[in-house]
Amino acid sequence: MTETKVVPIPRGWTSASIEGVCLVVDCKHVTASFVHQGFPVASIGELGGRFVNLYHAPRTTREYYMLLTEGARRPRPGDLIMSRNATVGRVARVSTDHPPFAMGQDVCLLRPKPSACSPQFLQAVLQSPAIGRQFEAMMAGSTFKRMNVQQIKKLEILLPSIEEQERISEVLASTEDLISTLERLIAKKQAIKQGLMQQLLTGKIRLPGFLLPWRPRRLSEMLSYEQPGRYLVQASKPLDAGHVPVLTAGKTFILGYTNETHGIYTAHPVIIFDDFTTASKHVDFDFKAKSSAMKILSARTGANLRFVYERMQLIDFPLGDHKRHWISEYSKQEILVPDEPEQAAIAEVLSDSEAEVAALRERLSKAKAVKQGMMQQLLTGRTRLTIKEGAA
């Protein structure tokens, strides 16, 4: 192997800049007028998948469409649309199925030269760790994460022959297909669970064998609370790894880990409740807490904790002033509740549904890890594929 300033060049491969293998065209720096019906406009939000997703894209008039697509800016099949601001490096492909559309703000168009670069291969390369490192180096010291077209043109990539590019793309596409299938299945299962929650937790659908009427009860009648003071982590910054998770009730949930040996909450399952935002999480493992603005909720006699937790997710609670809510307001919320055996049966159905989604998420995580490993090997030439006979 010979060397470049990026990585070693495998035998038979070449090193090139993006501008050497692509036409790179910036978006038109014009703010379009949006209308209900018209031409789709693709910006960063439309680049989340393998292909540009125009399903929810804003639309503009013919006049603005013509303006936005001036100067080779009209996307065509095989082009790549790449984000160059905020979520830098997100890249999606234009397919033959796309209707005419325009680029919006903060993206650019890459049009690979057919003799030099396969669109599928280039898309994979632009999502690889090697390019990610170049992005980081180019943006080092910048307050805002953005790249200009000149920087994108200077990105360096390694290229095998077109035949080997296509073979690599085929192999990576198989893992992408599996990932896409799992993502769709997870979305479907989550929608099913959401429907089950709406029906079972409100009594609109009853499980077989349960006939007793539901009755209103306040959350304070079903849950007792404890302040987290004794369980707060002492270290100012949680560790990346450790024996005990450090939790918050917000979106992050697991903030990090600690190796502290006392002040660990072990009497789970419980609900942790953010006293300011009313966000909550069901916890069935040992933990420590990060914030004093949390209540630890446990089930009173006659209440199934999982049922109450799931029912809390349906409460539309209006947030007002920045204040603590559990004691003064939230615990006084009244919900219709069945007897405990029916609560437990409903909780079991929803837990089974959640376990199914969790298993799919685990498969998705493994599939993504496999794809990353394959990219590391195939896009650097560490692993070489056999070219189909007659392809060269």
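Values quoted throughout were computed directly from the atomic coordinates according to the rules given, and no laboratory measurement underlies them. Since this is a predicted model, take the numbers as computed values, not measurements. Because the Cβ atoms are built from the backbone with ideal geometry, glycine has one as well, and the counts that use them run over all protein chains shown.
Going 7 Å from the Cα of Gln376 toward and past its Cβ, which residues in segment 109-135 have a backbone nitrogen under 13 Å from where you end up?
Within reach of a label on Gln376: 129-130.
Would you please give the residues with an amide H less than 5 Å from that of Leu255, counting only those at least 5 places away or on a separate chain, with H modeled from the backbone geometry?
Correct list: Val246, Leu247, Thr248.
Once you order the gyration tensor axes a ≥ b ≥ c over the Cα atoms, which shape class does segment 101-145 get: rounded for a/c under 1.5, otherwise prolate or oblate by comparing a/b with b/c?
Here segment 101-145 falls in the oblate category.
Could you work out the relative contact order of the chain, using alpha carbon pairs under 8 angstrom and six or more residues apart, expressed as a whole percent?
Numbers: 667 pairs, mean separation 62.0, N = 392.
Rounded, it is 16 percent for the chain.
Note down, for segment 2-159, the three equivalent ellipsoid semi-axes (square root of 5 times each alpha carbon gyration tensor eigenvalue), biggest first, whole angstrom.
Over the Cα atoms of segment 2-159, the ellipsoid semi-axes are 29, 17, 13 Å.
Once label points are set 7 Å from the Cα along Cα→Cβ at both Gln227 and Glu63, what is their separation, rounded to one decimal in nm?
Those two pseudo-labels are separated by 6.4 nm.
Whole-Hz ³J(HN,Hα) for each residue in segment 249-264, computed from phi via Karplus 6.51 cos²θ - 1.76 cosθ + 1.60 with θ = phi - 60°, x for glycine and proline: what do you get?
Along segment 249-264, the couplings run 7, x, 4, 5, 6, 8, 6, x, 9, 9, 10, 4, 9, 10, x, 9 Hz.
For a 21 Å ceiling on Cα separation, which of these pairs sit above it: Lys251/Lys371; Lys281/Lys368; Lys113/Lys153; Lys113/Lys154; Lys189/Lys368; Lys153/Lys368?
Where the Cα-Cα span goes over 21 Å, the pairs concerned are Lys251/Lys371; Lys281/Lys368; Lys153/Lys368.
Can you list which of the chymotrypsin sites (Phe, Trp or Tyr not before Pro) found in segment 1-95 are DSSP loop residues with at most 12 other C-beta atoms within 10 Å? Don't skip to the end; give the middle numbers.
Working: sites: Trp13, Phe34, Phe51, Tyr55, Tyr64, Tyr65; in loops: Trp13, Tyr55.
Those that pass, being in a loop and sparsely packed, are Tyr55.
Given only helices, namely DSSP H runs of n ≥ 4 each adding -39500 (n - 2.57), what is the per-residue ellipticity at 222 nm of the chain, to the nearest 500 deg cm²/dmol? Numbers along the way, then the final one.
Details: 9 runs with 125 residues, N = 392.
Theoretical 222 nm ellipticity from helices: -10500 deg cm²/dmol.
Once the Cβ-Cβ distance between Trp214 and Tyr55 is put in as r, and R0 is 30 Å, what FRET efficiency do you end up with, to the nearest 0.05? Let's see the in-between values first.
Details: r = 39 Å, r/R0 = 1.31.
In this case the efficiency is close to 0.15.
Read phi for every residue in segment 115-132 and hand back ³J(HN,Hα) as whole Hz from Karplus 6.51 cos²θ - 1.76 cosθ + 1.60, θ = phi - 60°, with x for Gly and Pro.
7, 10, 8, 7, x, 5, 5, 4, 4, 5, 4, 5, 9, 7, x, 4, 6, x
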